[in-house]
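Note sheet for the following structure.
Each value in this text was obtained by applying a stated rule to the coordinates, not by laboratory testing. Since the model is a prediction, treat every value here as computed from it, not as a measurement. Every residue, glycine among them, receives a Cβ derived from its backbone with ideal geometry; neighbour counts consider all protein chains shown.
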């Protein structure tokens, strides 16, 4: 597992902590109960319920491990206003040739959701805008070739 910092909002941190708590307290118990039931059915080699419970156990433990690593390396982002773009900034950008601008919030990779306007600091556009200020221009490579952008506002 990586020891790279995970940038999270307070809300996302609380959500991940709640998920971890649920996995440890509820899901593990459910998996243990499923394993016990499946074992009681006899021959484990040909027992589909047992194999399914073992797979569920592996998935739960993998997610617990991932969440523990994320939370161990979590850095809570503060809302950032103006100045240079950093994690937590909300940025209005306009693509060269487009009439409409787009607004994005720069977040950590665990929280990225393009449909909600949240881009990862590790995404191509996230990398390109870090440290830039209002009025700065930048280019990124897209599947259609190079695209030019301008930062209209840093909120």
Extreme residue, farthest from residue 16 (Cα to Cα), among residues of the range 139-154 that are touching a helix residue (DSSP H, G or I) at 6+ places or on another chain (Cβ under 8 Å) and buried (at least 16 other Cβ atoms within 10 Å of the Cβ): 149
Residues of the range 75-96 that turn out to be touching a residue at least 12 places away in the same chain (Cβ under 8 Å), in a loop (DSSP other than H, G, I, E, B) and either exposed (fewer than 14 other Cβ atoms within 10 Å of the Cβ) or under 16 Å from the mean Cα position of the chain (by Cα) (or both), as a count: 7
Return yes when residue 107 is in contact (Cβ under 8 Å) with a residue 12 or more places away in the chain, over 19 Å from the mean Cα position of the chain (by Cα) and under 30 Å from residue 149 (Cβ atoms) and no when it is not. no
Has the range 57-74 got at least one residue that is part of a strand (DSSP E or B), in contact with a strand residue (DSSP E or B) (Cβ under 9 Å, 6 or more places away or on another chain) and surrounded by fewer than 17 Cβ atoms within 10 Å (Cβ to Cβ)? no
